[in-house]
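The values are calculated or read from the model by the stated rules, or taken from the named source; none is laboratory data. Just so it is clear, the structure is predicted and the values come from calculations on it, not from any experiment. Using ideal geometry, Cβ is built from the backbone for each residue, glycine included, and neighbour counts are taken over all protein chains shown.
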Amino acid sequence: MSNTLKYYNEHAKAFADSTANLEFTEFQDKFLSYIKPGARVLDFGCGSGRDTKYFLDKGYQVDAIDGSSELVKMASEYAQIEVKQMLFQELQAVGVYDGIWACSSILHLTKDELADVMKRMEKALVSKGIIYMSFKYGTEESERKGRHFTDMTEDKMKDLLDKVGLFMTEDMWVTSDVRPGREDEKWLNIIVRKMR
């Protein structure tokens with residue numbers, strides 16, 4: 001994970017500039033449709049702060065974290081809230097969030113780390129809470145251009161969810177990348193609900 005954080009610290013501005021203004025409302029609104037207005041949301045790996053700001057503007061209570069100290073500074077400024085620097089593995093909250101938004105963030109964990117972090121996410125949710133996650137589509141787990149990626153297919157995600165055993169799947173769908181020029185890249189989107 002340290003190489004990934006190093007990458008984001010070194011490329012924070014370019015990354016934030018390329019993602020902050022992407023049109024993402026379809027995904028954001030779909031996630032919000034599963035939780036009540038004004039609910040408490042965790043933006044789990046918030047990057048530029050784009051989604052944090054969107055959820056705040058819609059009247060939700062939002063906590064945001066990121067592992068990159070540089071992105072934390074930028075997201076805090078952009079969203080106008082204090083973003084906390086924290087690794088996914090450090091999540092300790094219990095029964096706090098109605099929804100957790102993990103948009104192209106936990107894909108940087110290894111498959112083994114993912115299972116542990118998903119258990120932490122489940123603990124952080126209220127009863128029947130919701131998680132949105134997105135992963136690059138595929139079966140690979142590798143380091144690419146300085147960042148670790150664990151890709152997911154529907155089958156691979158089902159296996160992981162079965163292994164964790166704490167969620168039921170509300171929806172799973174494949175989309176094209178929303179960034180200009182990257183439409184050929186596919187993403188797996190998943191919404192799961194805490195079973196209890």
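The table for this structure:
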item	result
Only listed residue being under 23 Å from Gly67 (Cα atoms) and without any contact (Cβ under 8 Å) to a residue 60 or more places away in the chain, chosen from Glu141, Glu185, Glu154	Glu141
Helices (runs of 4 or more DSSP H) fully within segment 1-113 counting 3 or more residues that are modelled with pLDDT of 95 or more and either of a type outside the set (D, E, K, R) or under 22 Å from Val178 (Cβ atoms) (or both)	25-32, 50-57, 69-79
Tabulated pairs, segment 4-22, first in contact (Cβ under 8 Å) with a residue 60 or more places away in the chain and surrounded by fewer than 17 Cβ atoms within 10 Å (Cβ to Cβ), second of a type in the set (D, E, K, R) and part of a helix (DSSP H, G or I), C-beta under 6 angstrom, 6+ apart or interchain	Asn9/Glu70
Selection within segment 61-72 - surrounded by fewer than 19 Cβ atoms within 10 Å (Cβ to Cβ) and in contact (Cβ under 8 Å) with a residue 40 or more places away in the chain	Ser69, Glu70
Of all residues in segment 120-161 being outside any strand (DSSP E or B) and closer than 23 Å to Pro37 by Cα, the one that is nearest to the chain's Cα centre (by Cα)	Met121
Any chance Val117 is surrounded by 14 or more Cβ atoms within 10 Å (Cβ to Cβ), part of a helix (DSSP H, G or I) and of a type in the set (Val, Ile, Thr)	yes
